[in-house]
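The structure appears right after this line, and notes come after that.
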Amino acid sequence: MTPVGMHALASPRRTLVAGAARPLGVELVRQCLIRGDKVYAAARNPARVPVLADLRAEYGGLELIALDPADPSLVADAVPVLESLTDTLDQLIIAPAEPGPHEKLADSERDEVLATLSGTGLTEHYRRHAVAPLLLVRTLLPFLANRDGARVLVVSSWLGSLAGKTQGGDYATCASGAALHMHMRALAHDLSDERIVLMLGNPGHFATTPDGPTFRVPIDEAAIGLLSQMERLPRERTGSFLDWTGAERAW
């Protein structure tokens with residue numbers, strides 16, 4: 001019997017995970033492999049992410065693709081590579097974006113504070129974290145449209161919630177998150193014509209090491225929860241913003 005909300009597929013799910021260089025992206029790749037998916041892990045430079053090579057050796061079923069959603073040239077180069085591997089995607093997962101190739105921690109911190117933020121920094125953050133995911137889904141739409149009932153998971157954050165904004169600061173992250181939410185809400189309606197279901201997912205405060213703070217969610221539980229909620233989401237609720245437990249998040 002197929003679990004509620006799961007697709008009954010004759011062959012392994014074909015899942016592309018963008019943002020596969022960061023901890024949550026890696027864990028989403030891992031969990032998709034564990035459940036038997038054929039996975040395409042996309043990162044700016046996969047060769048510099050040794051854990052991906054380890055996962056490919058351990059599980060098989062993993063292809064590595066050089067793709068940064070915010071780099072149009074890499075996206076363009078990745079499409080024919082993906083076409084050579086598959087003509088369909090059952091699931092597209094967009095995990096948190098990698099920092100820009102020339103981005104420094106000090107740059108990102110600067111644009112979170114009123115006294116130091118710049119228009120250039122805010123615009124670049126918006127482009128990388130809010131615009132790039134939208135354009136990536138559009139680019140990969142032909143792959144998703146070839147599979148009836150395809151699913152899209154876009155990982156977001158509670159920081160994009162307008163209702164939850166109760167203090168100052170975090171300008172770049174909050175503004176980009178709110179913009180991403182609006183883009184995905186609009187996109188969900190457009191994708192419904194193709195019978196594609198989209199979910200915005202909040203992984204909560206996850207721990208990246210086993211000895212992380214006890215108030216943090218283990219990263220494997222966050223990843224499993226997001227995948228489960230994406231699978232269970234009814235078509236009529238496309239565009240929902242849920243956390244890893246299935247709880248509705250405030251817009």
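Which of the residues that make up segment 158-178 are open to solvent by 20 Å² or more (accessible area, probe 1.4 Å), more than 22 Å from Ala20 (Cα to Cα) and either among the hydroxyl-bearing types (Ser, Thr, Tyr) or within 15 Å of the chain's Cα centre (by Cα) (or both)?
Thr166, Tyr171
Please go through segment 142-157 and give me each residue that is touching a helix residue (DSSP H, G or I) at 6+ places or on another chain (Cβ under 8 Å) and open to solvent by 10 Å² or more (accessible area, probe 1.4 Å), ordered by number.
Listed by number, the residues that qualify are Phe143, Arg151, Val155, Ser156, Ser157.
Considering only segment 76-95, I want to know if a residue exists there that is over 22 Å from Val29 (Cα atoms), hydrophobic (A, V, I, L, M, F, W, C), part of a loop (DSSP other than H, G, I, E, B) and open to solvent by 50 Å² or more (accessible area, probe 1.4 Å).
Initial filter on segment 76-95 (over 22 Å from Val29 (Cα atoms)): 76.
Keeping just the survivors that are hydrophobic (A, V, I, L, M, F, W, C) gives 76.
Then keep just the ones that are part of a loop (DSSP other than H, G, I, E, B); that gives none.
No, segment 76-95 contains no residue that is over 22 Å from Val29 (Cα atoms), hydrophobic (A, V, I, L, M, F, W, C), part of a loop (DSSP other than H, G, I, E, B) and open to solvent by 50 Å² or more (accessible area, probe 1.4 Å).
Based on this model, can you work out whether Thr116 counts as over 18 Å from the mean Cα position of the chain (by Cα), free of Cβ contacts under 8 Å to residues at least 40 places away in the same chain, surrounded by fewer than 16 Cβ atoms within 10 Å (Cβ to Cβ) and part of a helix (DSSP H, G or I)?
On the way: over 18 Å from the mean Cα position of the chain (by Cα): yes; free of Cβ contacts under 8 Å to residues at least 40 places away in the same chain: yes; surrounded by fewer than 16 Cβ atoms within 10 Å (Cβ to Cβ): yes; part of a helix (DSSP H, G or I): no.
No: the conditions fail for Thr116.
Counting just the residues of segment 38-60 that are touching a residue at least 40 places away in the same chain (Cβ under 8 Å) and either of a type in the set (A, V, I, L, M, F, W, C) or surrounded by 23 or more Cβ atoms within 10 Å (Cβ to Cβ) (or both), which one comes out nearest to Gln91 (Cα to Cα)? Walk me through how you get there before you give the answer.
Keep residues of segment 38-60 that are touching a residue at least 40 places away in the same chain (Cβ under 8 Å), which gives 38, 40, 43-44.
Still in the list and also either of a type in the set (A, V, I, L, M, F, W, C) or surrounded by 23 or more Cβ atoms within 10 Å (Cβ to Cβ) (or both): 40, 43.
Working: Tyr40: 10, Ala43: 17 Å.
By that ranking, first place goes to Tyr40.
Can you name the condition, by its number, that Ser118 falls short on among (1) at pLDDT below 95; (2) closer than 15 Å to Asp71 by Cα?
For Ser118, the exception is condition (2).
The values are calculated or read from the model by the stated rules, or taken from the named source; none is laboratory data. Source: prediction; values computed, not measured. Methodologically, a virtual Cβ is constructed for each residue, glycine included, from the backbone with ideal geometry; neighbour enumeration extends over all protein chains shown. Only protein heavy atoms, including side chains, enter the accessible area calculation; ligands, DNA and RNA are left aside. Shrake-Rupley method; radii C 1.70, N 1.55, O 1.52, S 1.80 Å.
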